[in-house]
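Step one of this worksheet: look at the structure below.
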Amino acid sequence: MAKERTLSIIKPDGVKKGVIGACLAAFEAKGLKIVATKMLHLSRPQAEAFYAVHRERPFYKSLVEFMTTGPVVVSVLEGDDAIAKNREIMGATNPANAAEGTLRKLYASGIEENTVHGSDAPETAATEISFFFAASELQSYERVKK
Ligand code: CMP
């Protein structure tokens, strides 16, 4: 298993629903290490740039609107197969198709307001992490037994 890093965003709906702690706890419970985290309110240019890959999609404008409606929590998660593991924890993009117990099944209200984002591949993870964090902001520590 490869040690990876991935970017997580707890979206404005997740922040407003008060599930920041529940999401971070789920990542940690599944063995992912939080090596950076912060709260910020995305500007429109930031949201447009972050989701530029979806520029041509019919939902792009609405997605950018939604992502700027309130603060988000961005984190870097590290661990074995962190990208796939985080996607498993999140569940399918559309909560209607998400497995029981996943964050989107538990908390998302729709395909757009789907509570969390996670990188989908190593290349996008690297780009997305550097979008929000300088290398010097990523911490290193050992997890120990409780
Ligand atoms: P995310 O994992 O952040 O990646 C792109 C986002 O676009 C996705 O989660 C949803 O928030 C949103 N999205 C994807 N598909 C649709 C859709 N069909 N309609 C509205 N929003 C969508």
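Just a few scattered comments:
Yes/no matrix, rows are residues, columns are (1) within 11 Å of the ligand (Cβ to nearest atom); (2) surrounded by 20 or more Cβ atoms within 10 Å (Cβ to Cβ); (3) among the aliphatic types (A, V, I, L, M); (4) more than 19 Å from Met39 (Cα to Cα):
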{"position": "Gly101", "(1), (2), (3), (4)": "no, no, no, yes"}
{"position": "Gly110", "(1), (2), (3), (4)": "yes, no, no, yes"}
{"position": "Asn114", "(1), (2), (3), (4)": "yes, yes, no, no"}
{"position": "His117", "(1), (2), (3), (4)": "yes, yes, no, no"}
{"position": "Pro122", "(1), (2), (3), (4)": "no, no, no, yes"}
{"position": "Ile129", "(1), (2), (3), (4)": "no, yes, yes, no"}
{"position": "Phe133", "(1), (2), (3), (4)": "no, no, no, no"}
{"position": "Glu137", "(1), (2), (3), (4)": "no, no, no, no"}
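- Scope region 105-135; condition among the polar types (S, T, N, Q) and farther than 11 Å from Ser8 by Cα; matching residues: Ser109, Asn114, Thr124, Thr127, Ser130
- Filtered by the rule that a residue be buried (at least 20 other Cβ atoms within 10 Å of the Cβ) and closer than 9 Å to His41 by Cα, region 63-72 gives Met67, Val72.
- The C-beta contact set for region 47-64 (first residue closer than 17 Å to Phe132 by Cα, second residue charged (D, E, K, R) and more than 10 Å from the ligand (Cβ to nearest atom), distance under 6 angstrom, 6+ apart or interchain) comprises Val64/Glu48.
- Subset of region 54-86 [over 12 Å from Lys11 (Cβ atoms) and within 9 Å of the ligand (Cβ to nearest atom)]: His54, Arg57, Pro58, Phe59, Tyr60, Ser62
- Checking each residue in region 18-31 for being more than 18 Å from Val144 (Cβ to Cβ), in a helix (DSSP H, G or I) and in contact with a helix residue (DSSP H, G or I) (Cβ under 8 Å, 6 or more places away or on another chain) picks out Ile20, Ala22, Cys23, Ala26.
The numbers here are math on the coordinates, done by the rules we state, and not lab data. Owing to the predicted nature of the structure, the values given are computational and were not obtained by experimental measurement. Reconstructed Cβ throughout: ideal geometry from the backbone, glycine too, with neighbour counts over all protein chains shown.
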